[in-house]
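Worksheet: one structure, shown below.
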Amino acid sequence: SVTSAKIQVNGVHLHYQQTGQGDHAVLLLPGMLGCSQTDFGPQLKSLNKQLFTIIAWDPRGYGRSIPPPRDFPPDFFERDAKDAVDLMQALTFKKFSMLGWSDGGITALIAAAKYPSLIHKLVVWGANSSVTKEDIKLYNAIRDVSKWSEKVRKPMEEMYGHEYFARTCEAWVDGISQFAEKSGNICEHLLPYIVCPTLIIHGGKDPLVPQFHPEYLHKSIQGARLLVIPEGKHNLHLRFAEEFNTEVEKFLA
Ligand code: TYC
């Protein structure tokens, strides 16, 4: 069974879902505007519950961790990274692994670099450590949520209502574009400080995150492994859940 609860961390009531009884604690980190319910159904259902205790969190302003409403100050990824780590400490999981998707992958990279003694293993997919001109074009193409595919939009509108969803998506595009106004760097400077075993997964057909990004992560994180799922797109952990879960379980074991 999957339980749902809230706990106060850094002044916010963070919501999370939890399942499994294993010794190995694993935190699932959702993508932009995502949360445990919208992003991680197949992982909460099917990852091995004997081996792992699985926590899927809703970052502040996302999912059921509202209020506060979501905002995007220049350090929003660092803030999420600290919230995520402090959440796991509050739940008394001393050391844990992280599975981070997209923006959640960026958060996980930062957390692994800044809190190396707390992180056991790291898996990221659809993540990027910088924002390029090409990325900015792609971001602006999703600013208007009416252009999103029905399949991705519907669970978001059910979670947030149309208004909050549309407004927060625009705020996210502005928020992530802040990095391009500086050097484009999000967390490239932190990658050398990641010392845990790291698996980078990439969908060969990801239309949102160009292949350049996982390749950069692969060459910048010591000892990292890159796994490309040729037919995978951005949501490969949902569309190819069985293969994804199997690979992740092997890596974490
Ligand atoms: N980073 C977003 C997420 O967390 C996904 C995304 C990537 C959106 C690239 C647009 O151009 C984009 N799911």
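Could you tell me what fraction of 2.2 N^0.38 Å the Cα radius of gyration of the range 160-205 comes to, as a two-decimal ratio? Don't skip to the answer; put the middle values down first.
Details: Rg = 15.7 Å, N = 46, 2.2 N^0.38 = 9.4 Å.
In units of the globular-protein estimate, the range 160-205 measures up at 1.67.
Count the net charge of all other residues whose Cβ sits under 13 Å from the Cβ of residue 232, scoring Lys and Arg as +1 and Asp and Glu as -1.
Spelling it out: positives minus negatives among the neighbours equals -2.
Treat each spin label as a single point 7 Å out from the Cα along the C-beta direction, and report the residue 144 to residue 95 distance in nm.
Here the modelled spin labels are 5.1 nm apart.
P(r) tail for the range 124-253, what percent of Cα pairs lie past 17 Å?
65
How long is the gain from residue 193 to residue 137 if the chain were fully straight, where each residue apart is worth 0.36 nm and the alpha carbon distance is subtracted?
17.2 nm
Whole-Å semi-axes of the range 69-168's equivalent ellipsoid, largest first, each the root of 5 times a Cα gyration tensor eigenvalue?
Semi-axes (√(5λ), whole Å): 28, 17, 13.
Using just the Cα positions, wrap the range 13-69 in a convex hull and report its mean projected area in square nanometres, one decimal place. Write out the running numbers ahead of the final one.
Numbers: hull surface 14.2 nm².
Average of the hull's projected areas for the range 13-69 equals 3.6 nm².
Go through 127-137, 94-104 and give me the packing order, highest mean Cβ count within 10 Å leading.
Details: 127-137: 17.6, 94-104: 24.0.
Sorting 127-137, 94-104 by mean packing, highest first, produces 94-104, 127-137.
Please work out the Cα convex hull volume for the chain and give it in Å³ per residue. Mind showing how you got there, number by number?
Working: hull volume 28.2 nm³, N = 253.
About 112 Å³ per residue, rounded to a whole number.
Looking only at 241, 56, 108, which one moves most when the chain is put into a Gaussian network model with springs between Cα atoms under 10 Å?
It is 241.
What nm value, rounded to one decimal, do you get for the distance between residue 152 and residue 211 when each label is placed 7 Å out toward the C-beta?
Result for the modelled spin labels: 2.0 nm.
Return the ratio Rg/(2.2 N^0.38 Å) for the range 1-122, where Rg is computed over Cα atoms only.
Compactness ratio reported: 0.95.
In the range 181-253, what is the volume of the convex hull around the alpha carbon atoms, normalised per residue and reported in Å³?
Residue-normalised Cα hull volume stands at 95 Å³.
For residue 219, what charge total do you get from the other residues with a beta carbon under 15 Å from its beta carbon, if Lys and Arg give +1 and Asp and Glu give -1?
Working: positive: 225; negative: 188, 215.
Here the count lands on -1.
Nearest 0.05, what FRET efficiency do residue 45 and residue 163 give at R0 = 22 Å with Cβ-Cβ as r?
FRET efficiency, residue 45 to residue 163: 0.10.
With all distinct Cα pairs included, what does the Kirkwood hydrodynamic radius of the range 90-148 come out to in Å, to one decimal, could you say?
That comes to 13.2 Å for the range 90-148.
Apply the Karplus parameterisation 6.51 cos²θ - 1.76 cosθ + 1.60, with θ equal to phi minus 60°, to every residue of the range 93-105 and state each ³J(HN,Hα) to the nearest whole Hz, in sequence, with x for glycine and proline.
Per-residue couplings from phi come out as 8, 5, 10, 8, 9, 10, 10, x, 9, 6, 4, x, x Hz.
Note down the net charge around residue 193, summing +1 for each Lys or Arg and -1 for each Asp or Glu among other residues with Cβ under 15 Å from its Cβ.
-1
The numbers here are math on the coordinates, done by the rules we state, and not lab data. This structure is a prediction, so every number in the text was calculated from the model and none was measured. Glycine gets a Cβ as well: all are built from the backbone with ideal geometry, and neighbour counts include every protein chain shown.
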